[in-house]
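Let me begin by presenting the structure, written as structure tokens, before commenting on it.
The values are calculated or read from the model by the stated rules, or taken from the named source; none is laboratory data. This one's a predicted model, so the numbers in the text were calculated from it and none came from an experiment. Don't worry about glycine lacking a Cβ; one is built from the backbone with ideal geometry, like all the others, and counts go over all protein chains shown. Remember, those area values only see protein heavy atoms, side chains included, never the ligands or the DNA or RNA. Shrake-Rupley method; radii C 1.70, N 1.55, O 1.52, S 1.80 Å.
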Amino acid sequence: MSTIPAMRTTRASKRGRDVRRRGVARGGAARAASPAPLSVVILAAGEGKRMQSPLPKVLQPLAGRPLLKHVIDTARTLAPAAIQVVYGHGGEQVPEALKDEPVSWTLQAERLGTGHAVLQAMQHIPDGHLVLVLYGDVPLIGRAQLAELVALAGPRQLALLTMKADDPQGYGRIVRSARGLVQRIVEQQDATPAQRAIHECNTGVLACPAQLLRGWLARLKPDNSAAEYYLTDVIAMAVRHKLAVRPLIAPQVGEVLGVNDKAQLAQLEAVWRARCARALLLAGVTLADPARLDVRGELAHGTDVFIDVNVVLEGKVVLGDRVRVGAGCVIRNSEIGADTQVFPHCVIDGALIGPGCNIGPFARVRPSATLGSEVHIGNFVEVKNSRLGAGSKANHLAYVGDAQVGERVNFGAGTIVANYDGANKHATLIEDDVHTGSNSVLVAPITVGAGATIAAGSTVTHAVPAGKLTVARARQATIEGWHRPVKNKK
Ligand code: UD1
Ligand code: CA
């Protein structure tokens, strides 16, 4: 069984670990001391007007997680001394939504620009730290890239992550000298036509010694078209102070794209999708179409798993060996045993499904459903908070709720376990080898003894004895000599 925590088991991240090790070793040699402790600053105070949404931008979900949560999760993999998140727009909504995260929150009361935002966090960061700045709206930044960038920075070196964008629209442009050295960053709205033609862009991510950064930030001036304190202006300052600015061009542009509007959000969702699909394919999962699977959580899987098109997997999902998931299924926080087939259009949530089962098509398996081996749950069947023993079957149009069901039980089409009296839910016990006829209603609380048969159309309200046929419906009668009424003549 291998786990794909979506973005972190790719080959890239393995490379990242190597790079980090190399980086630490190199730093150790140069500085003869252990590398500076790392403080991560994540900028998350912006409003995100272009999202056209009352939800703060950094809380907009990507693959089911807020943008900011992606950045925090990735930052944590670097094991920094601290993570400082700068928040502002949306007020306490942002820290409230992510209150369980192990980060420190700093309020940027007025949004005066990215430089001003970093400065707010600097009050909590000691001079001896290395600062890594991340943007809350650049969510798919990879661990490997960050580790490499951190390794590039040093006491007299600022490391800057750049990208070559096909469409540089909206990004800050990297201005290099004739010799190819980075000189400064020019924001789109301040750029000349010639600068706008530059395709190398600022990702927003940089690593810099805290002491130097603090000094530069204090000297920023809002002398630009947006009248903001731009973090990007520290690059020109570093150059002026004869510090080495070390650019690192991100090889995977998808990782460093920013999200400013819903179109970019959809674009990154596609990047995420492709990344998950690739990791799954390389791990041996067969996907009918890598572009039509959404993994919004963690997927653990066995061998020879097949997933058809338009499947959504959310939370923690475990698919055993040879599991087949049909088209259009949504599976959330569930475990599915080996050789089980899930036919198209099922919704499975919070369920534990045994091996060799057949589920669907069009089945709904709800929280706390536990199915033993070789259970069949057919079309338009709903199972909730119930345990079904091995070999039990509900093949058509049934509801089983709050029931303990034995082995080899057969629910006829249309069987309903009536678990709710309008105020309270009640439990049902159905022992092994029970057969219920079509359209029977079992009114809970009720017990059905082993091997009992309930006749079709019965509504049973008392305990049903084992091994017998119980009929609870009016007897069929035929009225001799009856005539259909005829219309009166006027
Ligand atoms: C910024 C960069 C640009 C880069 C791009 C990459 C600056 C001046 N520009 O532009 O060079 O190419 O990101 O995506 O840095 N924020 C705050 N407080 C503020 C302003 C912004 O916390 O006062 C946060 C935002 O929430 C966001 C991040 O900083 O997470 C970037 O701000 P945004 O306004 O999106 O900058 P861009 O115009 O995209
Ligand atoms: Ca942005």
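With every protein chain in place and a 1.4 angstrom probe, the accessible-area ranking of Lys316, Lys490, largest first, reads Lys490, Lys316. Dividing the mean sequence gap of close Cα pairs (under 8 Å, 6+ apart) by how many residues segment 2-256 holds gives a relative contact order of 22 percent.
Within the chain, antiparallel bridges make up roughly 20 percent of the DSSP beta bridges whose residues both belong there. When Rg and the Kirkwood Rh are both derived from Cα coordinates, the Rg/Rh ratio for segment 297-391 amounts to 0.91. Can you tally the net charge around Gly389? Count Lys and Arg as +1, Asp and Glu as -1, for every other residue whose Cβ sits under 14 Å from the Cβ of Gly389. Counting the neighbours of Gly389, the net charge comes to -2.
Of all aspartates and glutamates in the structure, those lying under 20 Å Cα to Cα from Lys468, and not within fewer than 8 positions of it along the same chain, are Glu407, Glu431, Asp432, Asp433. Between helix 11-31 and the chain there is an angle of about 30 degrees, using the helix long axis and the longest principal axis of the Cα atoms.
With Cβ to Cβ distances under 14 Å as the rule, what net charge do the other residues near Arg111 carry (K, R +1; D, E -1)? Once all neighbours under 14 Å are counted, the net charge is -2. Local charge for Val409 was computed over the other residues whose Cβ lies under 9 Å away, with Lys and Arg +1 and Asp and Glu -1, and equals -2.
Counting GluC sites (Glu not before Pro) as exposed when in a DSSP loop with at most 12 other beta carbons within 10 Å, what is the longest stretch of the chain free of them? Looking at the chain, 111-479 is the longest stretch - no exposed GluC sites (Glu not before Pro) with at most 12 other Cβ atoms within 10 Å. Counting only lysines at least 8 places from Lys242 when in the same chain, those with an alpha carbon closer than 29 Å to its own are Lys164, Lys221. Relative contact order of segment 186-277: 19 percent, from C-alpha pairs under 8 Å at least 6 residues apart in sequence. For Lys489 and Asn379, what does the FRET efficiency come to when R0 = 56 Å and r is the distance between their Cβ atoms, rounded to the nearest 0.05? So the FRET efficiency works out to roughly 0.65.
Restricting the calculation to Cα atoms, the chain shows an Rg/Rh of 1.17 when the hydrodynamic-style radius is the Kirkwood one. Taking amide hydrogens as placed 1.01 Å from N in the peptide plane, the amide H of Ser386 sits under 5 Å from those of Ala369, Thr370, Asp402, Ala403, each at least 5 positions away in sequence or on another chain. Placing one identical point scatterer on every Cα of segment 277-470 and ignoring solvent, what is log10 I(q)/I(0) from the Debye formula at q = 0.10 Å⁻¹? Debye intensities relative to I(0), on a log10 scale: -0.41.
Obtain the nm distance between the two label points defined at Ala194 and Ile249 by a simple spin-label model: each point lies 7 Å from its Cα along the Cα-to-C-beta direction. About 2.1 nm separates the two model spin labels.
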